[in-house]
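First up is the structure itself, then whatever we jot down about it.
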Amino acid sequence: MKRAGAEAAGRFAAKGLGLAAQLATLALVAEALGARDFGRYSLVLAIAAVVAQLADFGTGRFQFRRAHRGSPAAMLAMWSLAFRLLGAGLLLPLLLFYAWRTGLPGPALAFGFVANILFQFANLNRHLLLLDERVGAAILVESAPALFFCAGIAACLAASVALDVNGVLLLFLSAMAAGFACSAASSGTAGAWVRGVAMLWRTPARRVLAGVGILARRSSLIGVEIFLAAASFNAPILIVAALDGGAATPQVALYQRILGLEVALLSVTVTARLKAYHDCGKLGVLDGRPALASAVLVFAANAAGLLLLAPLVQLLPESRDITLIGIALSLRPHLLLVAAVAACTAANLHCSMSALGGNWLWPRCLSVGAGLLATTAVAASLVAKGAEPFAAVLQGSLIGQLTALTVLIAGVTREGGRIHLPWSLPWRSPAGVRA
């Protein structure tokens, strides 16, 4: 029992270390770039992340399933390389053309895109660690890129090295490369990746294209869902950049980064309930109680954090000069909206994973798509009527999250699922799952 407790504590410590590094990096990047370029950096990273999901198209999850069934690591590495390199070859020129047309820094977009591809490669190594039940190592290598990135930015600031958006994204790419190397070393797959490259080199192009086509068909539903989820998460900053030319981008960038950290923290609780969600799903039940509890806690934490920020800044007057603090204070008038969107995001995360446990894949896809459409339509409509862009995007995000949750629950119910909430009638629970 003591050993299990120590292992759990180690996992949370590793996860917490990564999140702390991300938060520190957020402050350092904002300080290095200033508010305006911090917004541009976040916009570039958002675009790169969304486009990189097209290059993945659900292959990562499909490869995890194949690894679970015993496929050799070298074969998994080969097809991971083939699929994503082909996707990158098609998408990277389009991304650079978009940068040229919009005036965004092309090198930064390319660096961010390649960094996300490397992160996807590292995911295979982490999956193999999880299959070996080396959960602590998997969490640590997941946190490694954030630690490398934070150290790189801190070293540049200490050495008074001037950084622009291109420079920061190059450091980000370097951190992802170092993270991939660590994941390969920890999982013992370095040799498998080398063999995978050799196998890809020797395989005829016709066979590679045929194999990539098969992978795309088998992972298409998951790929569409993951792409829509990435687009939905990054929608606020993309919408603001399109509607107001980027004036409110720093605010949205900070709000989105904080939300991303909260989602990463919530993923720990979601992971802890995965087995319970699958057990409930087998009985045709979507357990909404953790979603409701998470929503209440996240709303309270966000509201309290923004409410207490100004008094804390008054106690530490020198903190007013910190770029990140200045941007955070500009979020305070929208306290309730920010807290409400974060709460709905937390509820959606739990409900979506519960739906995955019940294999309700179509409702998941439809809910994400409906939420994205609602967010875009509401935000654009409000801005057209003269609303402040940041407030309009927050309101659109809130309506979008509520729409996604409603469509998900309606879809699950339509497919015969039952929704369990604290006030629901009792239901028969599987062994090990509390009713």
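The values are calculated or read from the model by the stated rules, or taken from the named source; none is laboratory data. No experiment lies behind these values; they were computed from the predicted model shown. Reconstructed Cβ throughout: ideal geometry from the backbone, glycine too, with neighbour counts over all protein chains shown. For the accessible areas, the whole protein counts, side chains as well, though only heavy atoms, and no ligand, DNA or RNA atoms are used. Shrake-Rupley method; radii C 1.70, N 1.55, O 1.52, S 1.80 Å.
Things to note:
- Out of Ala235, Ala291, Ala253, Ala295, sole residue that is crowded, with 21+ Cβ neighbours inside 10 Å, more than 19 Å from Val368 (Cα to Cα) and either in contact with a helix residue (DSSP H, G or I) (Cβ under 6 Å, 6 or more places away or on another chain) or at pLDDT 75 or above (or both): Ala253
- Ala35 vs. criteria at pLDDT 80 or above and open to solvent by less than 50 Å² (accessible area, probe 1.4 Å): no
- Failed item in (1) open to solvent by less than 40 Å² (accessible area, probe 1.4 Å); (2) more than 25 Å from Ala74 (Cα to Cα), with Ala88 passing the rest: (2)
- So Leu104, is it touching a Phe, Trp or Tyr at 6+ places or on another chain (Cβ under 9 Å), open to solvent by 30 Å² or more (accessible area, probe 1.4 Å) and under 15 Å from Ala48 (Cα atoms): no
- Test result for Thr345, part of a helix (DSSP H, G or I), modelled with pLDDT under 70 and either among the β-branched types (Val, Ile, Thr) or crowded, with 16+ Cβ neighbours inside 10 Å (or both): no
- Screening Leu96 against (1) open to solvent by 20 Å² or more (accessible area, probe 1.4 Å); (2) out of contact with any Leu (no Cβ under 8 Å at 6 or more places or on another chain) leaves a single unmet condition, (2).
- The lone exception for Asn359 - which of (1) modelled with pLDDT under 80; (2) at negative phi it fails: (2)
- Among the residues of region 144-182, just one is of a type in the set (Ser, Thr, Tyr) and modelled with pLDDT under 90, namely Ser160.
- Count - residues of region 180-234 that are touching a residue at least 40 places away in the same chain (Cβ under 8 Å) and within 30 Å of Ala379 (Cβ to Cβ): 14
- When Ala154, Ala181 are checked against the criterion of being surrounded by fewer than 21 Cβ atoms within 10 Å (Cβ to Cβ), part of a helix (DSSP H, G or I) and over 22 Å from the mean Cα position of the chain (by Cα), a single residue qualifies: Ala154.
- Odd one out for Leu221 among (1) open to solvent by 20 Å² or more (accessible area, probe 1.4 Å); (2) at pLDDT 80 or above; (3) of a type in the set (A, V, I, L, M): (2)
- Those residues of region 352-386 which are crowded, with 17+ Cβ neighbours inside 10 Å and not in a helix (DSSP H, G or I), in sequence order: Gly358, Trp360
- Top-ranked residue in region 184-210 [being part of a loop (DSSP other than H, G, I, E, B) and either aliphatic (A, V, I, L, M) or open to solvent by 40 Å² or more (accessible area, probe 1.4 Å) (or both); ranked as nearest to Ala73 (Cα to Cα)]: Gly188
- Looking across region 370-424, the residues that are under 21 Å from the mean Cα position of the chain (by Cα) and without any contact (Cβ under 8 Å) to a residue 40 or more places away in the chain come down to Ala370, Leu373, Ala374, Ile399, Thr403.
- Hey, Phe149 of a type in the set (Phe, Trp, Tyr) and over 17 Å from Met78 (Cβ atoms) or not: yes
- Residue count, region 387-417 (criterion: open to solvent by 30 Å² or more (accessible area, probe 1.4 Å) and either of a type in the set (Lys, Arg) or at negative phi (or both)): 17
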